[in-house]
Amino acid sequence: MVSLSLDGATAEVHDDFRQQPGAFEYAINAARLFREHGISFLINSSFTRRNQKEIPKVYRLAKQIGATAWYMFMIVPTGRGKEIMEELISPEDYETLLNWHYEMEKKEKDILVRPTCAPHYYRIRLQRAKEQGERIEHRSLKFSTGGSKGCLAGQLISLIDVDGNVLPCSYFPLPAGNIHKHSFKEIWEESHLFKELRDFSSYKGRCGACEYIRVCGGCRARAYAIYGDYLAEEPFCNYVPRKMRKKS
């Protein structure tokens, strides 16, 4: 499986987003070559305020060019993402987009879809299914992890960087250990960082009080980027847990 990035349905939008003239043309040509040679590919699309109106158009384009899957990425403000903090999609629009994805996914039969770095989508799925009396179908993405759970960092996935640091995910800058000093098994099972990420009782704010914590978890990298605390509440979720509503 090969991954291609498309952040707009036209060269004007995609090339501006990537700051690279010709990027759209190259991606579309790559998709053509993959189709000709029978190579499966997925489309990753990153969205901010700048291109969020393109989301349905990019989804349709991914289907049109023959992608096996389409991933709607919600930007995590780490690395170069810190430079566009003011462009992050608002919590209100975030909720609207995830609800749009839910309706789209129910009808979609031709292409596998998933919102990525959007853990509260799994809260929305449960809410909407309960409201509408629907059964949730977990579609198989054999080439990828997850599919029925939100934040996977340090729980189902991790990243080993070029220096041997073991990170919870590619957007989380704090290492749990280093494979040149300890085995991966030891880091995965015994590191303080991974143990904290797996202990939902240590989560704070709305995440700590939320009845959906085990299916969502909130983006730990986003919490760290915004608050400097990876156990803080997900900053781009506007859901108020039942416990907090009762207190108020």
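The values are calculated or read from the model by the stated rules, or taken from the named source; none is laboratory data. Small disclaimer: the values here were computed from a predicted structure and weren't measured. Because the Cβ atoms are built from the backbone with ideal geometry, glycine has one as well, and the counts that use them run over all protein chains shown. Ligands, DNA and RNA are stripped out before the accessible areas are found, and what is left, the full protein with its side chains, is counted by its heavy atoms. Shrake-Rupley method; radii C 1.70, N 1.55, O 1.52, S 1.80 Å.
Annotations for the structure displayed:
- Looking only at segment 10-51, residues that are surrounded by 15 or more Cβ atoms within 10 Å (Cβ to Cβ), of a type in the set (Gly, Ala, Ser) and either without any contact (Cβ under 8 Å) to a residue 24 or more places away in the chain or closer than 19 Å to residue 110 by Cα (or both) come to 5 in all.
- Evaluating residue 209 against the criteria (1) farther than 16 Å from residue 118 by Cα; (2) modelled with pLDDT under 95; (3) among the aliphatic types (A, V, I, L, M) leaves one unmet condition, (2).
- Applying the criterion of at least 2 residues that are open to solvent by less than 40 Å² (accessible area, probe 1.4 Å) to the helices (runs of 4 or more DSSP H) found wholly in segment 194-248 leaves 205-209, 220-227.
- Among residues that are modelled with pLDDT under 90, open to solvent by 40 Å² or more (accessible area, probe 1.4 Å) and of a type outside the set (Asp, Glu), residue 107 is not included.
- Applying the condition of being of a type outside the set (A, V, I, L, M), modelled with pLDDT of 90 or more and touching a Phe, Trp or Tyr at 6+ places or on another chain (Cβ under 8 Å) to segment 67-89 and asking which residue is farthest from residue 14 (Cα to Cα) yields 68.
- Here is the figure for segment 24-52: residues that are in a helix (DSSP H, G or I) and under 19 Å from residue 68 (Cα atoms) total 12.
- Number of positions in segment 100-136 that are in contact with a His (Cβ under 8 Å, 6 or more places away or on another chain) and β-branched (Val, Ile, Thr): 1
- Of all residues in segment 163-188, those that are at positive phi have Cβ atoms under 6 Å from Cβ atoms of residues that are assigned to a loop (DSSP other than H, G, I, E, B) and open to solvent by 20 Å² or more (accessible area, probe 1.4 Å), 6 or more apart or on another chain, in 164/179; 164/180.
- Being over 21 Å from residue 170 (Cα atoms), of a type outside the set (Asp, Glu) and part of a helix (DSSP H, G or I) holds for only one residue in 56, 21, and it is 56.
- Each residue in segment 229-238 was checked for being at pLDDT 95 or above and of a type outside the set (D, E, K, R), and 3 of them qualify.
- So residue 148, is it loosely packed, with under 13 Cβ neighbours inside 10 Å, under 23 Å from residue 240 (Cα atoms), of a type outside the set (A, V, I, L, M) and modelled with pLDDT of 95 or more: no
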